[in-house]
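Nothing in this text is a laboratory measurement; each read-out follows from the coordinates by a stated rule. Fair warning: this is a prediction, and the values are worked out from it, not measured in the lab. Ideal geometry is used to build each Cβ from the backbone, glycine not excepted, and the neighbour counts take in all protein chains shown.
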Amino acid sequence: MDLAFAGRVIEWRGPSPFYFVPVPEEQSADIQEIASQATYGWGAIPVDARIGNVAFATSLFPKDGRYLLPLKSAVRKPHGLAAGDRVSVEMTVRLNR
């Protein structure tokens, strides 16, 4: 499943700060429809994503009926991304085969 969306970077402060882009409701609903074919446990969904010229593999986390795309420093720093910045994301959900 290939998806494209835009969203704002959010910050979650735990023991360390974490940054995410929330997946919009419509795309989250599409992902939910195939979640059982993709998840490897705890509802995490493996994806390949791209923001600008940075491609990366990660897993979406379910949160309040939607999904969050985590952004590691290696993804944020090349584009100087911070909380509140708007980004465009291209993403492919990896299904278990």
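A Cβ distance below 6 Å, combined with a sequence gap of six or more or placement on separate chains, defines the contacts here; from the range 46-71, residues that are over 11 Å from Val89 (Cβ atoms) and in contact (Cβ under 8 Å) with a residue 40 or more places away in the chain reach residues that are crowded, with 17+ Cβ neighbours inside 10 Å and hydroxyl-bearing (Ser, Thr, Tyr) in the pairs Pro46/Ser59; Arg66/Ser28; Tyr67/Ser28; Pro70/Thr58.
Contact annotation: residue pairs with Cβ atoms under 7 Å, 6 or more positions apart or on different chains, pairing a residue in the range 26-43 that is surrounded by 15 or more Cβ atoms within 10 Å (Cβ to Cβ) with a partner that is polar (S, T, N, Q), are Ala38/Asn96.
Here Ser88 passes the criteria (1) in a strand (DSSP E or B); (2) in contact (Cβ under 8 Å) with a residue 40 or more places away in the chain; (3) surrounded by 13 or more Cβ atoms within 10 Å (Cβ to Cβ) except the one numbered (3).
Output the residues belonging to the range 1-16 that are surrounded by fewer than 10 Cβ atoms within 10 Å (Cβ to Cβ) and under 19 Å from Ser73 (Cα atoms). Arg13, Gly14, Pro15, Ser16, listed by residue number.
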